[in-house]
Amino acid sequence: MPINSSPNLDDALLRLLVCPRDRQTLEERDQHLLCPSGHRYPIVEGIPILLLSETPQTHLEGTRSLQMGASPETNPVPLPGPARGEIDPFVQHIIAATNGLLYIQLVGKLTDYPIPYLRLPPGGGKRFLEIGCNWGRWCVAAARMGYRPVGIDPSLKGIRAARNVAQQLGIEAHYVVGDGRYLPFASGTFDQVFSYSVLQHLSKENARLTLREVARALQPTGEFLVQMPNCFGIRCLYHQVRRGFSEGSDFDVRYWTPRELASTFRATFGSARILVDGFFSLNAQISDVGLMPWKYRSVVYASEALRKISGVFSPLTYFADSLYVTGALKQ
């Protein structure tokens, strides 16, 4: 199917969207979304690209998505989605980049999608937003727990794969190419916002901009759960030493102290608690251990054991590599 004959945008998704520049309603017309002020956003293969072209992108894929939206006729025809029982080729290729170096031996060898365990209560139909969803693993997890997920990511390639995976697994989810700093959703749209291994790659200024947008998009008393790196974690300290404790640039990880995380989130949302996600890594999930080579399983099992111990011995929190910040919006 040529890209310039893209399907129409899903009506249920269109009702959620607003212009990321001025938050006015959007109308679909000629494979674009238009707001009353004349802002225009392309739709490629039924996927809206709601990035701001005048704003420097936080990831190279954002720039590529804008280019693909501006000249859809020059883009190759997309490959069909994976057949039943097959793994999406994009996921096969990107798995170590999205899930971490402990997954590197799984590149091209996945036999199942590593869908993680989401540390949230059952959704009960609540609307869930994931910032930086890429191929949608956490949105799948959320849907299986009863949430109504929406994923946003600057990568059109990632969003294509997320849609393929959701369709293949029978999951109902919506996906948008967009920027967490300029969320294309009306204020108070979501009950739960989640992000994992994403805000850590932004400058601290851009991370704070994203958090302010998250607070706007949350309903009153809506909740958030965001994974961030701890600068005192053993593995995190190793990487900071390697780069001379520089702040980092581009897609480098930025490291935060637990105190800095707590104060930043409380200033934005009015509440924040720090929980341990894991040790020795920023991405490994105990739910994926069966997919990993034996030499990595001991690392994941040790991380999970220390995480549980940290629940009764809180000083361990300061040495965890991966932290969750959680709380509810207070107004």
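For this structure, a couple of remarks:
- For Leu202, net neighbour charge (Lys/Arg +1, Asp/Glu -1) across residues whose Cβ lies under 15 Å away: -4
- Gyration tensor (alpha-carbon) shape descriptor, the range 62-211, a/c threshold 1.5: rounded
- Sparse-neighbour loop sites [chymotrypsin sites (Phe, Trp or Tyr not before Pro); the range 230-331; at most 14 other C-beta within 10 Å; DSSP]: Phe245, Phe251, Phe313
- Considering the chain at the alpha-carbon level, its Rg and Dmax are found to be 19.4, 59 Å.
- For the range 171-230, the spherically averaged projection of the C-alpha convex hull amounts to 4.7 nm².
- Overall form of the range 154-302 per C-alpha gyration tensor (a/c, 1.5; a/b vs b/c): oblate
- Options Asn99, Gln168, Gln24, ranked by Cα towards positive dipole end of the chain, top entry (Cβ charges): Asn99
- Only lysines eight or more places from Lys126 in sequence, or on another chain, were considered; those with a Cα closer than 25 Å are Lys330.
Values quoted throughout were computed directly from the atomic coordinates according to the rules given, and no laboratory measurement underlies them. In this text, all values refer to a predicted model and were calculated from it rather than measured experimentally. Cβ atoms come from the backbone with ideal geometry, glycine included; neighbour counts cover every protein chain shown.
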